[in-house]
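Quick notes on the structure that follows.
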Amino acid sequence: MIRVCFVCLGNICRSPTAEGIFRGLAEEASLTDEFVIDSAGTSGWHVNEGPDARATEVAAERGYELGGGSRKFVAADFARFDYVLAMDAENLADLRRLSRTGEERAKISLLRDHEAGAQGEDVPDPYYGGDDGFEEVLDICERACQGLLSVIREEHGLA
Ligand code: 4NP
């Protein structure tokens, strides 16, 4: 199994969106059986809460189902996942601080590093903004997750 975890601050907006999109793309490609797909937050501020209703609504309009309760990313998660995707530079720094070995560190990347032309860019935090922000997050995560899936397919010989 290829184990993928998307990580943001609250685990109620961006990372559940990326998780739902990646799952949808894997389904489309008939690759569901190859993956364990999850998400988590660096903060733990919204533990056990479901995804933000605004994120759920815009995702549903494009056929993605978001689910799961929020949980905090812990150091032990590095052993449970092969790819740990940070939504922004702050998440990336927090994850790097939490990692204890080079092997763990090597699992971490910025999600948008997998989106053509967006290397080093953040998925912007939509929490305090309007609905437009949630649409933007969806657009970005679709592009970046497509790129990520391509990279993983190549690395694992999933033609
Ligand atoms: P997320 O969005 O990190 O994409 O889930 C946020 C959710 C909650 C907060 C900030 C960002 N908050 O400040 O509670």
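The values are calculated or read from the model by the stated rules, or taken from the named source; none is laboratory data. Since the structure is predicted, the reported quantities are computational estimates derived from the model, not experimental observations. For neighbour counting, all protein chains shown are included, and Cβ atoms are generated from backbone atoms with ideal geometry for every residue, glycine included. The protein model used for the area step is the full one, side chains on, heavy atoms only, and it has no ligands, DNA or RNA in it. Shrake-Rupley method; radii C 1.70, N 1.55, O 1.52, S 1.80 Å.
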**Request:** With a point put 7 Å past each Cα toward its Cβ, work out how far Glu135 is from Ala79 in nm, to one decimal.
**Result:** 4.6 nm
**Hypothetical label at Ser109: residues of the range 54-87 whose amide nitrogen lies under 15 Å (7 Å Cα-Cβ projection)** = 82-87
**Prompt:** How far, in nm, would the chain grow between Glu65 and Glu28 when pulled straight, counting 0.36 nm per residue and subtracting the alpha carbon separation?
**Reply:** 12.0 nm
**Relative contact order, percent, the chain [alpha-carbon distance under 8 Å, six or more residues apart]** = 26 percent
**Per-residue SASA entry for Met87, accessible area with 1.4 Å probe, Å² rounded to 10** = 0 Å²
**Request:** Show me 114-124, 26-36 ranked by packing, highest mean number of other Cβ atoms within 10 Å first.
**Result:** 114-124, 26-36
**Request:** Determine the shape class of the range 1-60: with a ≥ b ≥ c the square roots of the Cα gyration tensor eigenvalues, call it rounded for a/c under 1.5, and otherwise prolate if a/b is greater than b/c, oblate otherwise.
**Result:** oblate
**Prompt:** Within the accessible area of the chain, what % is carbon and sulfur when the probe is 1.4 Å and the other protein chains stay in place?
**Reply:** 47 percent
**Request:** Whole number in Å², please: accessible area per residue of the chain, 1.4 Å probe, ligands, DNA and RNA not counted.
**Result:** 48 Å²
**Message:** Restricting to DSSP H runs of at least four residues, report the calculated mean residue ellipticity at 222 nm for the chain, -39500 (n - 2.57) per run over all residues, nearest 500 deg cm²/dmol.
**Reply:** -13000 deg cm²/dmol
**Request:** Mind jotting down a quarter of the surface of the convex hull over the alpha carbons of the chain, in square nanometres, one decimal?
**Result:** 8.6 nm²
